[in-house]
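A short worksheet on the structure shown next.
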Amino acid sequence: MDWQTLGSTPFLPPLYWRAALKRKITGNTLPEQGLRCRVSVDPKQVAAYRKVCGFTESPLLPATYPHILAFGLQMQLLTDKKFPFPLLGLIHLSNRIRIHRPLGGVSELSIGVHTQNLKPHPKGATFEVVTTVEDSLGLLWEAESRMLCRGVKLEGEATDDARPSPAEISELTRWKAPADIGRRYARVSGDYNPIHLSALTARLFGFPQAIAHGLWNKAHTLAALGEHLPAANIEIDVEFRKPVRLPSEVTLLTSAAGSSGELLLKGAGDIEHMVGTWQPIAALAAPEAGAD
């Protein structure tokens, strides 16, 4: 991996212009390039994010907040000339975050982003945007967002392994996704993708209404789970299914609280918007310990 270190976080407006101009697929391999940058955490911006996503006051950063700190780097990476797919039109299929230590007392962090794992898919190709966050002690938080680019043709068998829907779950809470939440989330995240902003701009990309950001759905879900989740040593993995059209009401169903569990976010008519799990990171590595 060839890493480039930036002196400051990227300025977004030119990157949006670059994204708007690129509409064609220009290749079928991912660049061996990553971006790194040091970022400062602004308490006012964190407070605005909490308000939009439903998080209560806490000395810890919201579990999804590092995505916001990394957004400019991700934009720069995905609009680079070497990156083969147009950013507008990519579909966010799933997102997994791992919190290695509590996200407290952080003011300056080092963030890295790169792409990996390009695979054929029945509708095109998928790849992962990997984000890592380090503090002075080392790895603090990491995430993989799996993205689909339609129309890419790759060699190999196309598979799409959907996770089963959770079974032993009951309603925890419900909330409204208001018509303007896409615009409000864009202001705190920097993500002004037209499909989220209004029915008019969403129609340009084939959606009858604006849809909520997937990461807003995940953030609001984690805010609702709140004290039910451990503050660290946790992996939270979700798969985005049907988009949440704006405005609408959604219901969160979960298994009993604890170190591991399952969740389902559903809408009217039992539409499944998002399914997911949480579990300790240590549990994932345990089988390997006795392998030799």
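In this structure the amide hydrogen of Gly34, modeled in the peptide plane, comes within under 5 Å of the amide hydrogens of Asp2, Trp3, Gln4, none closer than 5 places in sequence on its chain. Here, P(r) means the percent of Cα pairs in each 10 Å bin from 0 to the largest distance; for region 77-120 it is 16, 42, 27, 15, 0.
The mean sequence distance of close C-alpha pairs (under 8 Å, at least 6 residues apart), as a share of the length of region 164-281, puts its relative contact order at 30 percent. How are the C-alpha pair distances of the chain spread across 10 Å bins, as whole percents from the shortest bin up? With a bin width of 10 Å, the distribution comes to 6, 27, 37, 25, 5, 0. Using a cut-off of 24 Å between Cα atoms, the listed pairs Lys82/Lys153; Lys123/Lys242; Lys81/Lys242 include Lys81/Lys242 as exceeding that distance.
Give me the accessible area per residue for the chain, probe 1.4 Å, as a whole number in Å².
Numbers: 14500 Å² over 292 residues.
Roughly 50 Å² per residue, with all protein chains present.
On the protein heavy atoms, probe 1.4 angstrom, tell me the percent of accessible surface of the chain carried by carbon and sulfur. Solvent-exposed carbon and sulfur of the chain make up 52 percent of the total. In sequence order, region 213-228 has phi-based couplings of 4, x, 6, 6, 4, 5, 4, 5, 5, 5, 5, 5, 6, x, 5, 5 Hz under the Karplus curve 6.51 cos²θ - 1.76 cosθ + 1.60, θ = phi - 60°, and Gly or Pro positions carry x. Peptides 97-104, 227-234, 216-223, 271-278 ordered by packing proxy, namely the average of other Cβ atoms within 10 Å per residue, highest first: 216-223, 271-278, 97-104, 227-234.
Working from Cα pairs under 8 Å separated by at least six residues, relative contact order for the chain is 18 percent.
The values are calculated or read from the model by the stated rules, or taken from the named source; none is laboratory data. What you are looking at is a predicted structure, and each value in this text was computed from that prediction instead of being measured. Glycine also receives a Cβ, built like all others from the backbone with ideal geometry; neighbour counts cover every protein chain displayed. Ligands, DNA and RNA are excluded from the accessible area calculation, which covers all protein heavy atoms including side chains. Shrake-Rupley method; radii C 1.70, N 1.55, O 1.52, S 1.80 Å.
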